[in-house]
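**Q** Handing you a structure now.
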Number of protein chains: 2
Amino acid sequence: MRKGEETRAKILDAAEISVLAKGFGGTSIDELIAETGITKSGFFYHFRDKNELAKALLERYVENDERIYDEIFSRARELADDPLQAFLLGLKLLSELLSDLPNGHPGCLVAVICSHERSFDRDIQEINRQAALMWRRRFGAMFRDIMRVYRPREPLDVDQLADMVSTVIEGGIILSKALKEPKNLPAQLLVFRTFVRLLFQPAAT
Amino acid sequence: MRKGEETRAKILDAAEISVLAKGFGGTSIDELIAETGITKSGFFYHFRDKNELAKALLERYVENDERIYDEIFSRARELADDPLQAFLLGLKLLSELLSDLPNGHPGCLVAVICSHERSFDRDIQEINRQAALMWRRRFGAMFRDIMRVYRPREPLDVDQLADMVSTVIEGGIILSKALKEPKNLPAQLLVFRTFVRLLFQPAAT
DNA sequence: CGGAAACTGTACCAACGGTAGGGAAACGGC
DNA sequence: GCCGTTTCCCTACCGTTGGTACAGTTTCCG
């Protein structure tokens, strides 16, 4: 059972790289088995079909994504007592992390699935939906914490504000890729950070 | 030459719908010729290969996109003298337009191309880049106009601010699709609108 | 009426997703 | 050390798809 998971992981690794670069249709099973050093039968032993591969890929991706957010924002929470400062710091840490990726963000699987909508079954689309909802809950909780201390200058729906974090990240990934400017994504995050600061901090200067 | 363009347009229409729903890999030529009522030879008479189809599709999409932005923001400009008010109105008009789409935004081809990056040649990626740069120029010009009248409360790079419009739209499209909440995109646009208002308007009650 | 444009028809090819089934190492538990 | 399960490999096959080649035909327009 140990060896099997190892091979499975190797397939998923190769698949993730290829899917993020070429989309699902552009990723061939032959290519994956060549990369992994496995046979076709071996591949279909692990995954019934391409749809199952996609599902496993997305599940792993989302878990990893959550882990990264957990780390960054719990770290930020440790460093700053104030919820607003913690959130702003978290955004900065995230921006820096994204800035350090030499080739820019490799792409978001959730977005890839969205742009292939009708190619996948409901299972996968539901995982995707749950991922977006988890983002909403995560950032929504942070904004609620902030609002217990600060009063927004403009009344904004918390969920919509929370969604804005995901929106900026997903949109930033796309724009970075379209423009071929990897630094665009971290920059956009910092612009959003400025907006959030502006929204909650009382007038200064 | 008239009839040819008509057929070409029919192919592109069918292709656009399919590509936005299933991605490029998920769109088969057989499917397109069935929809169009044409033969395979007929298809390849119009497009050398799938890559050329993608190119024509993207070019048409970007042109149409530009036209819509032209209409909305020139209309907004007519209705409001002030550049800030014109921009805010434009965002609202755009949000309403997106809100009126019964099934939500069908998806952005620029984003689809980005998530298929390595599947296309440099031509297409360059068109994509130019499209994003045109957005930057368009909204950048608006923000420059605004800044001639208003002083932003926080110093922000104009290009990054301009990119934020595209970021929110692209990200909003993805989130709307992932969440299966078509109203999310127009809502996100309005959140961004609030941020812009907050950024430029002097403190009020 | 003629020539170009806009196709159709047929035949073919390689790559790909997927299926079927028979085997064979490798590992773990007893 | 034996046994069964897991984890694969091998071979052969199928339908679909993107794409090629090319000859023939219809349609349009000047």
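The values are calculated or read from the model by the stated rules, or taken from the named source; none is laboratory data. What you see is a predicted model, and the numbers here were worked out from it, not measured in a lab. Glycine gets a Cβ as well: all are built from the backbone with ideal geometry, and neighbour counts include every protein chain shown.
**Q** Among the residues of segment B:153-171, count how many are within 18 Å of the chain's Cα centre (by Cα) and either over 19 Å from A:Ala162 (Cα atoms) or in contact (Cβ under 8 Å) with a residue 24 or more places away in the chain (or both).
**A** Number satisfying all stated conditions: 11.
**Q** Has segment B:176-192 got any residue that is touching a Pro at 6+ places or on another chain (Cβ under 7 Å) and surrounded by 19 or more Cβ atoms within 10 Å (Cβ to Cβ)?
**A** yes
**Q** If I filter segment B:1-28 down to residues being near DNA strand D (Cβ under 8 Å from one of its atoms) and away from chain A (no Cβ under 13 Å), which single residue comes out as modelled with the lowest pLDDT?
**A** Checked segment B:1-28; the qualifying residue modelled with the lowest pLDDT is B:Met1.
**Q** Go through segment A:1-37 and give me each residue that's within 12 Å of DNA strand C (Cβ to nearest atom), without any contact (Cβ under 8 Å) to a residue 40 or more places away in the chain and assigned to a loop (DSSP other than H, G, I, E, B).
**A** Across segment A:1-37, the qualifying residues are A:Met1, A:Gly26, A:Thr27, A:Ser28.
**Q** B:Gly104 is checked against (1) within 13 Å of chain A (Cβ to nearest Cβ); (2) closer than 14 Å to B:Asp65 by Cβ; (3) surrounded by 15 or more Cβ atoms within 10 Å (Cβ to Cβ) and fails just one. What number does that condition carry?
**A** Going through the list (1) within 13 Å of chain A (Cβ to nearest Cβ); (2) closer than 14 Å to B:Asp65 by Cβ; (3) surrounded by 15 or more Cβ atoms within 10 Å (Cβ to Cβ), B:Gly104 breaks only (2).
**Q** Can you tell me how many residues within segment B:147-170 are among the hydrophobic types (A, V, I, L, M, F, W, C) and farther than 21 Å from B:Pro202 by Cα?
**A** Selection size over segment B:147-170: 4.
Each row is one residue, and each column tells you yes or no for (1) surrounded by fewer than 23 Cβ atoms within 10 Å (Cβ to Cβ); (2) within 14 Å of chain A (Cβ to nearest Cβ); (3) over 22 Å from A:His116 (Cβ atoms).
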site	(1), (2), (3)
B:Leu88	yes, yes, yes
B:Glu96	yes, no, yes
B:Ile127	yes, yes, no
B:Ala132	no, yes, no
B:Asp145	yes, no, yes
B:Arg148	yes, no, yes
B:Pro155	yes, yes, yes
B:Asp159	yes, yes, yes
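**Q** With the structure loaded, tell me whether A:Leu175 is without any contact (Cβ under 8 Å) to a residue 12 or more places away in the chain and within 30 Å of A:Ala54 (Cβ to Cβ) or whether it fails that test.
**A** No.
**Q** All but one of (1) of a type in the set (A, V, I, L, M); (2) more than 10 Å from chain B (Cβ to nearest Cβ); (3) buried (at least 23 other Cβ atoms within 10 Å of the Cβ) hold for A:Ala141; which doesn't?
**A** (3)
**Q** Tell me whether segment A:62-73 contains one or more residues that are within 15 Å of DNA strand C (Cβ to nearest atom) and buried (at least 17 other Cβ atoms within 10 Å of the Cβ).
**A** No, every residue in segment A:62-73 fails to be within 15 Å of DNA strand C (Cβ to nearest atom) and buried (at least 17 other Cβ atoms within 10 Å of the Cβ).
**Q** Among the residues of segment A:48-59, is any more than 30 Å from A:Leu93 (Cα to Cα) and not in a helix (DSSP H, G or I)?
**A** The answer is yes; a qualifying residue exists.
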